[in-house]
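Below is one structure; the comments refer to it alone.
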Amino acid sequence: MLRYTVFRLAWMVPCLLALSLITFVFMHLTPGSPLQPDAANNPLTPAEQHVLAKQFGLDKPIWQQYTTFVWNATRLNFGKSYVFKTRSVTQILKKQTKVSIELGLVALTIAVVGGLGLGIMAAMNQNGPADYICTFLAMLGIALPNFVLGVFLILLFVLVFHLIPRTGGWTSPADVILPAIALGMTPLATIARYTRSSMVDVIRSDYVRTARAKGLAEPRVMLVHVVKNGLIPPLTIMAPIFAAVLTGSPAIESIFRIPGIGQYFVNSFTARDYPMIMAIILLLGAFIIALNLIVDLLYGVVDPRIRYS
Amino acid sequence: MAMQETQLSTLTAGRESALEMEGVSLRRANIWLDAWRRMIRNWLAIAGLIGVIGLILVAVFADQFMRNGGYARQHLADHGIAPNAHYWFGTDLIGRDLFSRIIYGCRIAMEVGLLTMFFATIIGVTIGSIAGFYAGQVDNLLMRVVDVVYSIPTLFFAILVMSALGRSVPHLIIALSLTSWPIMTRLTRAQMLSLREKEYIKAARLSGGHSWQIIMRHLLPNSMTPIIVAITFGIPTAIFTEATLSLFGIGVNPPIPSWGQMVSESVKEFRSYWYMAFFPATALAITMLSFTFLGDGIRDALDPRANN
């Protein structure tokens, strides 16, 4: 187990290196450049452009720009943003990632707690009210893209019922509720569906019948035998769901005007802000790899039959 | 060998007809037929199937459904008209017929969803088969490549690729295919790894079957279940991602309509022009639900444990 973890952690390095190379290549394939030397109405004179290119290291050959980037990145130095010239990329990301992580964590909590709870309740009371709520929410989560749901939530709670004073910004707890629900709804639906079907399988299994036959109390049967074993399949989809919540945030951040990492990514792209683009993709890549590792290790905890070597 | 087979089949055929004469009806076991029988008993799956067939028909014959001069024609005098007998779904802010745009948007959505999964499946299944069949070093190398692609944040990467290539439907399909194949690879590989130890595969190897022959005739047909299910769920995911990309204005190129773009452009005016967002959102919802119900149905139908 320890050897496996160490190996997987070490493997992150070549993975991120490859990811950075792919991003770098595509980024430079994109037409246009930060200084737009070919633009007809460029306010910068050629001499000024030359000075700026030199300052940002854009005058060097492409391969040298890449090796410089990698060398600096190993010390977590991603350079200065071309757009926000006075702040380093690391400073910007520290602030913006915090917002995105807060949003993501609240959304995930809603999705995991709501999804597991609803799925378990639906399985324990098949064709009862909880089951129908579960099916209804699952359909809603599948049918509506998160940004559409976001708009409907704003209309309903802000404009029609006035329950929440406004949207936009990230200062009060009220700013968190609607975007987190919009972002968490689809994952909640997916988790609920998986949990329900896996619980139903387990409830019908022989060892649960045995547990009941030997006279165990129903709560004990449910907690010790059903829930514990029924959690393995939902666990397998957690990593893609965590990743989906993370990468699904740009749409939600744009609709709710939240100053998170997704907004910055889209903006830095239109500005060809190379250091920002590289840093954001690498940060998210590292996050996804780490999540996959955590979920893989969790399998071993939940299902002792799985052994890593 | 060939003679033996003929003898064997005449023998069984003779036995069957003999049994049938005695009034015993024989039910031939065929997993696809059984799966089909199980599926048509599931009304949600049938609703999904009808929905998917309907969507594909609308996509194929989209040109026949065009009204009021097609999806790109601007009736500037009639902009922002609510649904009426002439403009069934109303017009948008530059006077384009929303009914035509939604019908044509169906073709775009189907193109993006089906073609993305087609390419993702070809790449994913090929690599997954090779990795799973040869195992060992080959598997190790290929799966490390998959690890890298798996770590790519899908939406962000699609934004990157779309900016590099420029917006158009084919570019969208390329961008989405590039990030969706690793799931297919993982599934195929896992199936192959477990199947390659089975006795009948060992027998096929012993009797001198070529590697590709064993993969195509024995391994792939037996790995189809999870692959088919993943395809049905992958299609709505691709359409979903297209909608999100269009939200940022980097999806399809105007005036080609995209449901996602239509929703995102008109959500701001929702209170004044509800129909501009409502109809494309509904079309999107119908598509998502149809494919998901069909996928659920296929999964349940192909799972023999759900036989009761």
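The values are calculated or read from the model by the stated rules, or taken from the named source; none is laboratory data. Everything numeric here is computed off the predicted structure, so don't read it as measured data. Counting neighbours? That spans all protein chains shown, and the Cβs are built from the backbone with ideal geometry, glycine included. Accessible surface areas use protein heavy atoms only, side chains included; no ligands, DNA or RNA. Shrake-Rupley method; radii C 1.70, N 1.55, O 1.52, S 1.80 Å.
Global dimensions of segment A:1-83 from alpha-carbon coordinates: Rg and Dmax equal 17.3, 60 Å.
Counting only other chain Cβ atoms within 10 Å of each residue's Cβ, the peptide A:143-154 averages 6.
Just how large is the dipole of the protein assembly as shown about the Cα centre, in debye to the nearest 20, putting +1 at every Lys and Arg Cβ and -1 at every Asp and Glu Cβ?
Numbers: 48 positive and 33 negative charges, 256 e Å.
That gives a dipole near 1220 debye.
Tell me which of A:245, A:288, A:162 sits at the most positive position along the dipole axis of chain A, charges placed on C-beta atoms (Lys, Arg +1; Asp, Glu -1). Checked the options; the winner is A:288.
Between residue A:113 and residue A:163, the contour length at 0.36 nm per residue exceeds the alpha carbon distance by 15.6 nm. Overall, chain B carries a charge dipole of about 300 debye about its Cα centre when +1 sits on the Cβ of Lys and Arg and -1 on the Cβ of Asp and Glu, all other atoms neutral. Per-residue mean of foreign Cβ neighbours for B:295-302 is 1 (Cβ atoms of other chains, 10 Å radius).
Taking every protein chain into account, the 1.4 Å probe leaves residue A:237 with about 30 Å² of accessible area, to the nearest ten. With the convex hull drawn around the C-alpha atoms of segment A:176-309, the volume per residue stands at 120 Å³.
Each residue was assigned an accessible area with a 1.4 Å probe, and for residue B:265 the value is about 100 Å².
Restricting the calculation to Cα atoms, segment A:46-133 yields a radius of gyration followed by a Dmax of 24.4, 74 Å. Taking packing as the residue-averaged number of other Cβ atoms within 10 angstrom, the listed peptides B:154-164, B:224-234, B:31-41 run from highest to lowest as B:154-164, B:224-234, B:31-41.
Take each residue of peptide A:280-288, count the partner chain Cβ atoms within 10 Å of its Cβ, and average: the result is 4.
When peptides B:213-219, A:104-110 are sorted by average Cβ neighbour count within 10 Å, with the highest value leading, the order is A:104-110, B:213-219.
For the protein assembly as shown, lysine pairs separated by 8 or more sequence positions, or belonging to different chains, with Cα-Cα distances below 26 Å total 11.
With charges set only on the Cβ (+1 for Lys and Arg, -1 for Asp and Glu), what does the dipole of chain A come to about its Cα centre, in debye to the nearest 20?
Working: 24 positive and 13 negative charges, 146 e Å.
With only Lys, Arg, Asp and Glu charged at Cβ, the dipole is about 700 debye.
Here's the picture: a label point sits 7 Å out from the Cα of residue A:17 along the beta-carbon direction, and within segment A:62-102 the residues with their amide nitrogen under 18 Å of it are A:63-77.
Expressed as a whole percent, the accessible surface of chain A that belongs to carbon and sulfur atoms is 69, based on a 1.4 Å probe.
Quick check: residue separation of residue A:294 and residue A:42 times 0.36 nm, minus the Cα distance between them. What number comes out in nm? The partial results should precede the final answer.
Working: separation 252, 0.36 × 252 = 90.72 nm, distance 4.88 nm.
Here the segment from residue A:294 to residue A:42 would lengthen by 85.8 nm.
Based on alpha-carbon positions alone, could you give the equivalent ellipsoid semi-axes of chain A from the gyration tensor, as √(5λ), descending, whole Å?
Working: eigenvalues 413, 138, 35 Å².
One finds semi-axes of 45, 26, 13 Å for chain A.
Report D for the protein assembly as shown in µm² per second (integer): Stokes-Einstein, Kirkwood Rh on Cα pairs, 10 °C, 1.306 mPa s. Before the final figure, lay out each step's value.
Numbers: Rh = 27.2 Å.
Stokes-Einstein gives a translational diffusion coefficient of 58 µm²/s.
Percent of Cα pairs in segment B:152-308 per distance bin of 10 Å, from zero to the largest separation: 10, 27, 27, 19, 12, 4, 1, 0. Each listed q (0.09, 0.10, 0.17, 0.22 Å⁻¹) maps to a log10 I(q)/I(0) for segment A:103-206 from the Debye sum over equal C-alpha point scatterers, namely -0.26, -0.32, -0.78, -1.08. Taking 7 Å steps out from each Cα toward its Cβ at residue A:210 and residue B:268 produces label points 6.4 nm apart. Across segment B:172-200, the residues whose backbone nitrogen lies under 19 Å from the label position 7 Å along the beta-carbon direction of residue B:211 are B:185-186, B:188-198.
P(r) tail for segment B:207-258: Cα pairs beyond 16 Å make up 61% of the total.
Extending 7 Å from Cα along the Cβ direction at residue A:51 and again at residue B:36 yields two label points whose distance is 7.6 nm. Hydrophobic long helices, here whole DSSP H runs in chain A with Kyte-Doolittle means of at least 1.6 and Cα atoms spread over 20 Å or more along the helix axis, are found at A:274-302.
Pairwise Cα separations in segment A:165-206 fall into 10 Å bins from 0 onward with the following percentages, short to long: 24, 29, 22, 16, 8, 1. Helical content alone sets the calculated 222 nm signal of chain B at -24000 deg cm²/dmol, taking -39,500 (n - 2.57) per DSSP H segment of four or more residues and averaging over every residue.
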